[in-house]
Amino acid sequence: MLHDVLTGLALTVFGGAGATAIGVMRASLAPQWSRICRLALGNVEPAFKPLPATPFAKAARS
């Protein structure tokens, strides 16, 4: 009897952890799916132009 309870508890815990992991992966990939498909098809994105340095960063470098 105790073995059955522990088995059920283990299945519940690992099932919940698996469902959470799948949900997090889905939530992370879903907004980027069109970008992932474009990149997989060979469409290269334009290069990222870095933001200009702020006056504080310029003062810190000198």
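The values are calculated or read from the model by the stated rules, or taken from the named source; none is laboratory data. Here the structure is a predicted model, which is why all the values come from computation and not from measurement. Reconstructed Cβ throughout: ideal geometry from the backbone, glycine too, with neighbour counts over all protein chains shown. Calculation scope for accessible area: heavy atoms of the full protein, side chains included, ligands and nucleic acids excluded. Shrake-Rupley method; radii C 1.70, N 1.55, O 1.52, S 1.80 Å.
Restricting the stretch 34-55 to residues that are exposed (fewer than 10 other Cβ atoms within 10 Å of the Cβ) and part of a helix (DSSP H, G or I), the residue that is nearest to the chain's Cα centre (by Cα) is SER34.
Counting only residues that are open to solvent by less than 90 Å² (accessible area, probe 1.4 Å) and more than 8 Å from the chain's Cα centre (by Cα), the stretch 21-30 holds 3 of them.
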